[in-house]
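Working notes for the structure below.
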Amino acid sequence: MRLLRFLRFLVVLIALGGMVDSYLALRIHNQDPSVAPPCAVSEHWDCGSVNHSRYAVFPPTSFDEDPNSKHTHIPVASAGIAGYALIALLALFAPFWIVLQVAEIGFGCAAMLSYLEAFVMQKWCIYCVWSQGIITTLVLLSLIGIFLQRKLRRSPFATGSR
């Protein structure tokens, strides 16, 4: 029981780290593209070009879209902040299988963005790589939480019977 409580708070803490990471990516997204971001390290590691690409918003902008169009595009980093906040909230109050479901959705989104970085843009964003590591950790911790919840449910000491 104590280990399960510790695991819940660990998931919350890591999800808060994911929120900070997503906020930093959003800050680069909202920054003037002509200003060099602090994470532009090399030709292949440039969070500025990644966060100003057409894939940095959902739905992605089209090549022929007028910049003054009224289409609504949500920054991917904003979705990351909301997703990590939801994971943190669910980790406190919901069973771990629900946390796992939300974390799997986030993992799928992060994996797709990693694919775009690796094979389409051929540039990496350090914040995105950190986010991929964070969401992978949250998926693994959720799986451990499910295992512990099932083990506690089957334990004769969990119900008080002998």
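Throughout, read-outs are computed from the coordinates displayed, never taken from laboratory work. Model, not experiment: these values are computed from the prediction. Neighbour counts are summed over all protein chains in view; Cβ atoms, including those assigned to glycine, are modelled from backbone coordinates with ideal geometry.
Side notes on the structure shown:
- Ranked for footprinting exposure by Cβ neighbours inside 10 Å, fewest first, 70, 123 give 70, 123.
- Phi-based couplings in Hz for the range 149-154 (Karplus 6.51, -1.76, 1.60; Gly and Pro marked x): 4, 5, 5, 5, 5, 8
- Positive-end residue of 51, 34, 17, charge dipole of the range 6-124 with Cβ unit charges: 17
- Answer label for Cα Rg over 2.2 N^0.38 Å (calculated), chosen among [x] 1.25; [y] 1.60; [z] 1.05: [x]
- Ranked list, fewest to most other Cβ atoms within 10 Å of each Cβ, for 43, 117: 43, 117
- Amide H contacts of residue 45 (H built 1.01 Å from N, in plane; Pro and chain starts excluded): 124 sit under 5 Å, all sequence-distant by 5 or more or on other chains.
- Percentage relative contact order, the range 1-149, counting C-alpha pairs under 8 Å, at least six apart: 36
- Overall shape of the range 87-162 was characterised from the C-alpha gyration tensor. The equivalent ellipsoid obtained from it has semi-axes of 35, 10, 9 Å, in decreasing order.
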